[in-house]
Amino acid sequence: MTQRGPASSAIPLILLQKGRSSRLRAGHPWVFSNEIEMTLEAKALLPGSLVRLQDAGAEPLGLAYFNPHSLIAARVLSRESERQIDVSFIVERLNKALALRDTLFDRPFYRLIHAEADGLPGIVIDRFDDALSIQANTAGAESLRPLLLEALESVLSPNLVVWDGSSPVRRLEGLEPCFDIPKGQLEGPLEIEENGAVYFAAPGEGQKTGWFFDQRPNRALAARLGKDRRVLDLYSYAGGFGVLAAVRGASSVLCADRSATALDLARKAAERNGVAAKMDFEKAEAFDYLEKAAARGEKFGLVVADPPAFVKSKKDLAQGAKGYRKLAKLAQALVEPGGFLVLASCSHHMTPEIFLKESVQGFGRRQGRILHQGGAGPDHPVHPLLPESAYLKALFFQLD
Ligand code: SAH
């Protein structure tokens, strides 16, 4: 049976304060808690409730899901106040997102839904062929779960669905971590294809949806720079950069990560791609590895350093910036003259300008040039009024 939403008159109303609706009208998808009339009724609504939005003049502004406990109180689902939020509504969004990915890629391995930019706020879905890994980051995303699962069934009928609610951003919505598998069974890592290489992803092992599709174009460019060179893939996780570099002709590749599970995935990928003979894997703390390798006088033709977010919240910005500078300083010391360095930051709060400045300061007096400033691939679209959600930065340098 297809689930239908309530009639629009039965949906609670949230009023925006006078003069607070222009951003929403201009297309912004959020309303902040200090912009609405936070009445007792509004406060009593269950987190994730569907609401109708109206301005102070009673003009309808659309449908949203609402969380009285979150700073982002309402996230817009539709600008049409009479729209039914039912399975067919979600199916429509999924089909649109799917058509875009079909245009972008030949193979069914990509980020299928990237939250607000794909019209499904708070929801991220990565597709590994017939397996889906879903991140539900808001109370609204949790309440859409039955509709979303039914819609995914009708559009893709996946064999495996992982519902991953382990992201720390859920705390901002007052949600507990959760993890479960609404469909199928997770039997070992999932095989994925990207840039013509095969990898293994492990959803539920604490690394987002199990694979970082965002780095796809950056991995391709890095692999080109690594041809015929000795490559260091630091913070390698499952070998995203390193394995592709090996496949595309690096002379040797070292993957280093502090997680043995991650290195096992990278090793498996190396074997699967027939490049294990020229790859090594080292369990190490990154800064410690860099210091020791420099003391031994090691050099690489390409160093890639793609760490976890050093800046987790705005107040960490200064500390995190120092971390990126130190990483640049230590990593450049291992780059041979004329070699390449790729530095990435996935910290939302780190701006591209500061990241570039800190990296270059880390080089000290060493000269070089910026070859490219990359971001996430096009399966991570950005809502035009949320430019700050373009979190990934990748800097490509050649160093003299
Ligand atoms: N480059 C990877 C993604 C990296 S995710 C890709 O292309 O897919 C960040 C990785 O850094 C994780 O695998 C994590 O285990 C590792 N990590 C986190 N802190 C670390 C540290 N201090 N030293 C070494 N590795 C670390």
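Magnitude of the Cβ-charge dipole of region 190-399, K/R +1 and D/E -1, about the Cα centre, nearest 20 debye? Display every interim value, and only then the final one.
Values: 29 positive and 23 negative charges, 148 e Å.
Value, rounded to 20: 720 debye.
Is the chain rounded, prolate or oblate when judged by the Cα gyration tensor, a ≥ b ≥ c being the square roots of its eigenvalues, rounded requiring a/c under 1.5 and prolate requiring a/b larger than b/c? It comes out prolate by the Cα gyration axes. Within the accessible surface of region 8-78, defined with a 1.4 Å probe on protein heavy atoms only, the carbon and sulfur portion equals 58 percent. Over the C-alpha trace of region 8-78, radius of gyration and Dmax come out as 10.5, 29 angstrom. In region 266-400, inverting the average of 1/r over every pair of distinct C-alpha atoms gives 16.1 Å as the Kirkwood radius.
Taking the dipole about the Cα centre of region 190-399, with the C-beta of Lys and Arg at +1 and of Asp and Glu at -1, give me whichever of Leu330, Leu317, Ser236 is farthest to the positive side. The listed residue farthest towards the positive side: Leu330. Accessible surface for the chain, divided over its residues, is 44 Å² per residue with a 1.4 Å probe.
When restricted to Cα atoms, region 174-268 yields an Rg and a Dmax of 14.6, 50 Å, respectively. Relative to the compact-globule estimate of 2.2 N^0.38 Å, the Cα radius of gyration of region 1-146 comes out at 1.09.
Considering only the other residues whose Cβ falls under 14 Å of the Cβ of Leu225, what net charge follows from Lys and Arg at +1 and Asp and Glu at -1? Kindly include the intermediate steps, with their values, before the conclusion.
Numbers: positive: Arg219, Arg224, Lys227, Arg229, Arg230, Arg248, Arg369; negative: Asp228, Asp233, Glu336.
Residues close to Leu225 contribute a combined charge of +4.
Share of region 87-183's accessible area from carbon and sulfur, percent, 1.4 Å?
Values: 1960 of 3760 Å².
Carbon with sulfur: 52 percent of the solvent-accessible area.
Helix 286-295 and the long axis of the chain differ in direction by around 20°, with both axes built from C-alpha atoms. Heavy-atom surface analysis with a 1.4 Å probe gives region 190-399 a carbon and sulfur content of 52 percent of its accessible area.
Percent relative contact order of region 18-148, based on C-alpha pairs within less than 8 angstrom and at least six residues apart? Please list the in-between numbers first.
Values: 203 pairs, mean separation 25.7, N = 131.
Computed value for region 18-148: 20 percent relative contact order.
Of all DSSP beta bridges located in the chain, what percent are antiparallel, nearest 5? Around 65 percent of the beta bridges assigned by DSSP in the chain are antiparallel ones.
What shape does region 87-183 have by the C-alpha gyration tensor, where a ≥ b ≥ c are the square roots of the eigenvalues, rounded means a/c under 1.5, and otherwise prolate means a/b greater than b/c and oblate the rest? Walk me through the numbers on the way to the answer.
Working: a/c = 1.64, a/b = 1.54, b/c = 1.07.
Note, shape of region 87-183 comes out prolate.
When Leu156, Leu234 are compared by accessible surface with a 1.4 Å probe, the order from highest to lowest is Leu156, Leu234.
Within the shell defined by Cβ-Cβ distances under 11 Å, the residues around Pro121 carry a net charge of 0, with Lys and Arg each +1 and Asp and Glu each -1.
With +1 assigned to the C-beta of every Lys and Arg and -1 to the C-beta of every Asp and Glu, and no other charges, what is the dipole magnitude of the chain about the Cα centre in debye, to the nearest 20?
Working: 49 positive and 48 negative charges, 292 e Å.
With only Lys, Arg, Asp and Glu charged at Cβ, the dipole is about 1400 debye.
Angle check, please: helix 145-156 long axis (alpha carbons) against the longest principal axis of the chain (alpha carbons), in degrees 0 to 90, nearest 10. The angle comes out near 60 degrees. With respect to the chain, whose longest principal axis is taken over its alpha-carbon atoms, helix 87-104 is tilted by about 30°.
The values are calculated or read from the model by the stated rules, or taken from the named source; none is laboratory data. Only a predicted model underlies this, so the values are computations on that prediction, with no experimental measurement involved. Because the Cβ atoms are built from the backbone with ideal geometry, glycine has one as well, and the counts that use them run over all protein chains shown. Quick note on the areas: whole protein, heavy atoms, side chains included, nothing else; ligands and nucleic acids left out. Shrake-Rupley method; radii C 1.70, N 1.55, O 1.52, S 1.80 Å.
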